[in-house]
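All remarks here apply to the structure that follows.
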Amino acid sequence: MDATATAGFPRAFTQMPDPRRNNSRHKLIDILTIALFAVICGADGWEAVAEYGRAKFKWLKTFLELPHGIASHDTFGDVFARLQPDVLERCFMEWMKKMVQLSAGKLVAIDGKSLRRSFEAGWDKSGMAHMVSAFVAANQMVFAQVKTEGKGQELSAIEKLLRLLELDGAVVTIDALGCQTEIAQQILDAHGQYLLQVKDNQPTLHQKLQSLFAEATLERFAGWEHDYFTETDGGHGRVETRRLWVCWDTSLLGELADQWPGIKSIVLVQRTRDVDGQMSTALSYYISSLDRRTRAKRLASYIRGHWSVENNLHWQLDVSFREDERRIRKGHGAENFSRLCRIALNLLKAEKTSKRGVAIKRQKCGWDNDYLLKVAAA
């Protein structure tokens with residue numbers, strides 16, 4: 001197998017156990033490599049993957065063994081339906097550690113996404129797959145992901161995901177669902193810091209923060225050890241102003257402070273929007289293990305950065321990879337195809353010689369085999 005062709009994804013996955021019998025006609029590494037290359041080039045299902053393999057057979061044969069040619073689309077589907085997601089995820093994470101270094105202050109946003117057409121029948125969506133991803137904002141890459149046991153079970157998936165991570169001082173942001181004492185402790189145990197949004201799922205804490213900041217705002221934060229930051233941006237008839245206050249005196253929470261491990265600060269964010277003259281204001285509250293060394297401006301960047309997972313991951317998976325339209329439902333197929341898409345997205349973003357967007361990069365990979373190898377080896 002050619003060293004250039006296998007420098008990226010294939011080498012990281014060569015030790016994966018094959019879920020099939022020993023007399024299988026097609027080698028697992030060939031199936032994995034073709035599937036990844038096909039997804040990078042635009043394939044959105046197993047039929048497209050097999051068709052890509054047939055179209056590129058002569059070239060693929062120069063570095064893959066392919067003892068019985070290209071597998072059928074049914075074979076691709078069967079292999080990925082049986083391939084254990086946990087095993088694939090471990091290989092994925094080992095490979096990602098070489099691409100993305102987690103370090104002190106680096107933002108890791110954890111958020112979930114449903115694979116909307118992965119259920120068996122229109123009248124029963126209980127089998128729909130839901131994925132929770134850890135997204136490193138600085139690199140705009142998925143670092144790890146796990147499947148939930150169903151909608152509403154994201155909390156257990158977050159706990160499982162955190163057990164996989166060594167955070168090394170990275171800052172983890174999670175929306176209100178992850179605002180749990182157990183989650184906060186897990187992040188600290190993984191040597192990370194947390195910044196958790198507080199909503200009505202923590203009613204006592206939420207009400208306390210509301211009353212504290214309401215009083216402080218009226219008194220212009222007199223007597224509070226705090227920091228403040230504001231920024232304004234907009235366009236296309238919309239102007240948004242964000243104001244953030246952070247206070248490091250967590251004793252203001254009283255006994256509630258003792259319930260949250262490592263808590264060092266409380267945060268208020270006020271967002272004011274002017275959309276074509278229509279004004280609206282929203283308040284958001286956060287708790288964090290970050291101390292006074294992390295000023296308001298940095299906290300604002302973390303909070304805004306959390307939503308990059310929507311723009312830089314979920315949106316691209318839906319638009320560039322058509323994830324919400326995909327009808328893969330057999331076994332672990334939907335989850336594993338989703339992971340292939342995230343691997344492909346990471347590789348496309350890691351390749352910096354082309355300044356084009358993801359969609360055009362995918363097309364170029366389909367046209368130019370040398371560029372595809374450059375992406376795969378990123």
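The table below gives the values:
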| item | result |
| --- | --- |
| Gaussian network model of the chain, springs between alpha carbon atoms under 10 Å - residue of ALA350, ALA134, ALA144 with greatest fluctuation | ALA350 |
| Paired Rg and Dmax values of the chain, which use every Cα atom, in angstrom | 23.2, 77 |
| R0 of 25 Å, Cβ-Cβ distance ASP368-GLU65: FRET efficiency to nearest 0.05 | 0.55 |
| Relative exposure of TYR286, TYR194, judged by other C-beta atoms within 10 Å (fewest first) | TYR286, TYR194 |
| Rough spin-label spacing in nm, given labels placed 7 Å along Cα→Cβ, for THR241 and ARG163 | 4.8 nm |
| Rough spin-label spacing in nm, given labels placed 7 Å along Cα→Cβ, for GLU51 and ALA350 | 2.9 nm |
| Helical mean residue ellipticity (222 nm; -39500 (n - 2.57) per DSSP H run of 4+; nearest 500) of the chain | -11500 deg cm²/dmol |
| 3J(HN,Hα) from dihedral phi, segment 336-353, Karplus parametrisation 6.51/-1.76/1.60, rounded to Hz, x for glycine, proline | 6, 5, 4, 5, 4, 5, 5, 4, 4, 4, 4, 5, 5, 6, 6, 7, 9, 6 |
| Magnitude of the charge dipole, the chain, Cβ model with Lys/Arg +1 and Asp/Glu -1, debye to 20 | 1300 debye |
| Crossing angle, helix 46-55 versus the chain [Cα axis fit, 0-90 degrees, rounded to tens] | 50 degrees |
| Dipole moment magnitude, nearest 20 debye, segment 96-314 about Cα centre, only Lys, Arg, Asp, Glu C-beta charged | 640 debye |
| Cα point-scatterer Debye curve for segment 96-314, base-10 log of I(q)/I(0) at q = 0.14, 0.15, 0.19 Å⁻¹ | -0.92, -1.03, -1.42 |
| Entries of LYS61/LYS160; LYS58/LYS98; LYS98/LYS147; LYS147/LYS349; LYS58/LYS364 with Cα pairs more than 29 Å apart | LYS61/LYS160; LYS58/LYS98 |
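Bear in mind these aren't lab numbers, they're just calculated from the coordinates by the rules spelled out. Only a predicted model underlies this, so the values are computations on that prediction, with no experimental measurement involved. Note that each Cβ is placed from the backbone with ideal geometry, even for glycine, and that neighbours are counted across all protein chains shown.
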